[in-house]
Amino acid sequence: MSALLEIENLRVAFNTRHGEVTALDSVSLTVNAGETLGVVGESGCGKSITALSVMGLIPSPPGRIAGGAIRLAGEDLTRVSEARMRALRGAELAMIFQEPMTSLNPVFTVGDQIAEAIMLHQKVGHAQAFRDAVALLDRVGIPSPDRRARDYPHQLSGGMRQRVMIAMAVSCRPRVLIADEPTTALDVTVQAQIFDLLNEIQRDFGAAIILITHDMGAISEMADRVAVMYAGRVIEEADADDVLDHPQHPYTRGLISCIPALGKGDTELREIPGVVPPLHRLGAGCAFAERCAHRNGRCDSGKPLLVNHGHHPAACHAVQEGRI
Amino acid sequence: MSVLLDVQDLTVQFTLPRQGLFGPRPVLEAVRQVSFRLEQGRALGIVGESGSGKTTAAMATIRLVEAASGKVIFQGEDLLQLDDAAMRQRRRDVQLIFQDPYSSLNPRARVADIVREPMDLMEIGTPEERRARVTDLFRLVGLRPDQLSLFPHQFSGGQRQRISIARALTTNPKLLVCDEPVSALDVAIQAQILNLLARLKAELGLSYLFISHDLGVVRHVCDDVAVMYLGKIVEMAPREALFDTPQHPYTQALLSAAPSLARRKSRGYVRPVKISGDPPSPINPPKGCAFVERCPKAQDICRRVQPLLESRGQNRVACHFPG
């Protein structure tokens with residue numbers, strides 16, 4: 001069976017004042033219906049660019065899709081017309097952004113904004129669309145939804161705004177829902193509510209969810225499968241349990257062991273020294289080499305490929321050579 | 001162990017704009033009768049969600065926000081009673097690290113000048129001594145002396161937070177107030193800064209008042225933890241007691257909401273304690289317990305009577321139905 005969404009060897013380039021840089025380099029990912037793929041990495045690893053590529057929202061210029069394919073149920077999104085993309089976006093593909101206040105229009109009521117999304121994709125009038133919007137607000141757990149539908153975004157709390165965004169995103173029952181750091185701006189008790197809601201929505205609608213996050217804890221609670229990204233490449237990919245219990249790549253190991261856990265205190269946290277290198281300074285070797293404790297000559301000369309060296313796929317020379 | 005800081009019944013009020021032309025000016029109590037003690041060489045974590053008053057409580061403690069009432073006994077002396085000149089002298093013992101390492105460093109100053117400035121202001125040492133101390137501090141926080149003449153934008157977020165820490169240490173403070181010092185940083189960089197703070201505490205005998213919304217971070221750094229909700233401390237305990245045997249339903253909900261590697265979707269994890277809604281507005285707090293609207297255990301008495309902090313094992317908890 002082929003996957004619902006299939007990203008194959010995707011390359012995205014941006015023109016910058018340092019010349020053309022490769023923001024995504026041979027990224028391949030798949031997501032099945034009803035499955036949650038967690039994409040994890042530090043800022044600047046290419047997580048959000050991957051999401052925007054799928055949505056057809058890479059600003060061009062300066063960006064362009066320089067190679068590869070993104071197939072939704074077999075249809076290559078990198079080759080479809082802008083009109084077709086507009087029809088898919090919102091109906092088949094939907095996205096929830098990090099900061100709900102900047103993604104909602106401040107001068108329209110939230111009910112009208114959800115109704116607008118419904119009317120764009122379904123042949124219904126405003127009255128029906130507004131009724132649907134109220135039902136959706138009810139579904140995402142907003143109390144007194146018929147009154148709240150007439151509120152403006154600034155009258156809602158951060159958690160409620162994110163619920164509105166989710167209501168809008170699922171209004172046309174999309175097959176793929178991308179959530180880009182959906183809870184970063186929210187308090188932890190509200191984050192838990194949003195995670196629970198996303199899981200319920202998935203059970204109801206059977207949508208594939210791509211959850212983009214920097215938080216391994218969120219991955220553990222939400223993801224069925226995990227892709228770890230670093231400097232524009234996928235460096236490890238497997239079922240969540242495999243990645244969390246048997247991390248292969250030194251970067252993944254570092255990400256897991258540098259989290260201060262709730263279950264223990266006092267022990268020194270393992271650090272990943274240094275920072276993610278800027279894209280224009282990536283050399284011929286492994287992008288993680290300068291932060292890696294297992295670096296040798298081979299790491300500087302060639303980029304490791306994402307292949308299975310035993311447990312599950314990881315892009316690391318040291319893993320391949322059995323040095324770790 | 002000697003008590004460094006003893007805060008008693010600290011209350012902070014903000015007067016809001018008049019409602020209507022002749023209406024009353026509502027008063028918001030951001031911090032309501034908060035008391036805590038910090039011993040020399042220990043770290044007290046204050047956790048809570050946004051709007052819980054954790055930052056305001058810490059700022060009022062070091063007089064960056066004016067307190068309405070209460071006492072802040074620091075080394076035997078009530079800071080709230082000091083005049084401006086005396087308070088300025090005390091400031092060398094109390095320093096601060098901010099959340100955002102981008103906006104808390106002057107973009108037009110070289111980092112050597114930024115780190116030296118507190119010594120200039122307090123007239124500590126000769127110019128040579130100050131320069132030497134800046135170099136020492138740079139090494140202490142893990143930066144290289146050849147970076148001294150650079151500007152803040154030439155450093156990464158984690159390095160900037162190291163510069164903030166170096167600046168805070170110039171005056172040899174006894175108390176460091178850390179306001180969400182790692183929440184603006186990537187996880188891999190957070191670990192670097194948390195390890196540095198732990199090392200400095202051990203090496204220099206510093207005491208921390210550590211504000212954070214991240215329970216994992218607090219567990220890592222702090223010896224004691226106070227949980228705030230709507231301006232009040234609802235539970236306070238030594239670290240292990242708070243994390244292993246939380247007594248307040250809000251503490252339990254916070255622990256259950258924090259994502260953790262031990263909770264797996266694959267193993268059918270379901271959150272044990274769920275709370276709904278958002279924290280209520282501090283303008284009209286509920287008459288009884290502040291948590292009553294979201295509490296799974298709420299009874300009639302919770303709506304009427306405000307619970308007081310009472311001992312329960314090692315914990316002190318403000319709840320009618322703890323445990």
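Tabulated data
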{"item": "Estimated buried accessible area (total), pair A and B, 1.4 Å, Å² to nearest 100", "result": "3700"}
{"item": "Residue A:316 accessible area, assembled protein chains, probe 1.4 Å, Å²", "result": "10"}
{"item": "Residue-averaged 222 nm ellipticity for chain A, from DSSP H runs of 4+ at -39500 (n - 2.57), nearest 500", "result": "-9500 deg cm²/dmol"}
{"item": "Kyte-Doolittle mean at least -1.0 and Cα axial length at least 15 Å: DSSP H helices in chain A", "result": "A:110-121, A:126-139, A:158-169, A:188-205"}
{"item": "Cut-off 13 Å between beta-carbons: net charge of the residues surrounding residue B:296, Lys and Arg +1, Asp and Glu -1", "result": "+3"}
{"item": "Charge dipole (debye, nearest 20) of the protein assembly as shown; +1 at Cβ of Lys and Arg, -1 at Cβ of Asp and Glu", "result": "440"}
{"item": "Where N is the number of residues in the range A:1-58, Cα Rg divided by 2.2 N^0.38 Å", "result": "1.24"}
{"item": "Candidates B:292, B:187, B:218, ranked by Gaussian network fluctuation over chain B, Cα under 10 Å, top entry", "result": "B:187"}
{"item": "Viscosity 1.567 mPa s, 4 °C: Kirkwood-radius Stokes-Einstein D of chain B over Cα pairs, µm²/s", "result": "61"}
{"item": "Cα-only Debye scattering, chain A: base-10 log of I(q)/I(0) at q = 0.09, 0.11 Å⁻¹", "result": "-0.50, -0.73"}
{"item": "All-pairs alpha carbon distance profile, the range B:17-139, 10 Å steps from 0, percent", "result": "9, 29, 32, 21, 6, 2, 0"}
{"item": "Max mean-square fluctuation residue, GNM over chain B, Cα-Cα springs under 10 Å, options B:239, B:88, B:167", "result": "B:88"}
{"item": "Extension gain, residue B:16 back to residue B:65 (0.36 nm per residue minus Cα-Cα distance, nm)", "result": "16.1 nm"}
{"item": "On Cα atoms only, tilt of B:127-140 relative to the major axis of chain B in degrees", "result": "50"}
{"item": "Helix-only mean residue ellipticity at 222 nm for chain B, each DSSP H run of n ≥ 4 adding -39500 (n - 2.57), per residue, nearest 500", "result": "-9000 deg cm²/dmol"}
{"item": "Charge sum, other residues only, whose C-beta stays under 13 Å from residue A:48's C-beta, Lys/Arg counted +1 and Asp/Glu -1", "result": "-3"}
{"item": "Kirkwood hydrodynamic radius over Cα pairs of the range A:63-214, then Stokes diffusion coefficient at 20 °C and 1.002 mPa s, in µm²/s", "result": "134"}
{"item": "Calculated SAXS-style log₁₀ I(q)/I(0) at q = 0.07 Å⁻¹ - the protein assembly as shown, Debye, Cα scatterers", "result": "-0.51"}
{"item": "Cβ-based net charge around residue A:161, under 12 Å, with every Lys or Arg adding one and every Asp or Glu removing one", "result": "-1"}
{"item": "For the range B:43-53, Karplus couplings with θ = phi - 60° (6.51, -1.76, 1.60), whole Hz, Gly/Pro x", "result": "10, 9, x, 10, 10, x, 8, 4, x, 7, x"}
{"item": "Spatially near lysine pairs across the protein assembly as shown, Cα under 22 Å, sequence gap of 8 or more or different chains", "result": "18"}
{"item": "Nearest-10 value in Å² for the accessible area of residue B:160, using the 1.4 Å probe", "result": "30"}
{"item": "Fluctuation leader among B:202, B:85, B:290 - chain B, Gaussian network, Cα springs under 10 angstrom", "result": "B:85"}
{"item": "Gained length - residue A:270 relative to residue A:69, 0.36 nm times residue gap less alpha-carbon distance", "result": "68.6 nm"}
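The values are calculated or read from the model by the stated rules, or taken from the named source; none is laboratory data. All figures in this text were calculated on a predicted structure; none of them were measured in a lab. Backbone-built Cβ (ideal geometry, glycine too); neighbour counts: all protein chains shown. Please note that ligands, DNA and RNA were not included when accessible areas were found on the heavy atoms of the full protein model with its side chains. Shrake-Rupley method; radii C 1.70, N 1.55, O 1.52, S 1.80 Å.
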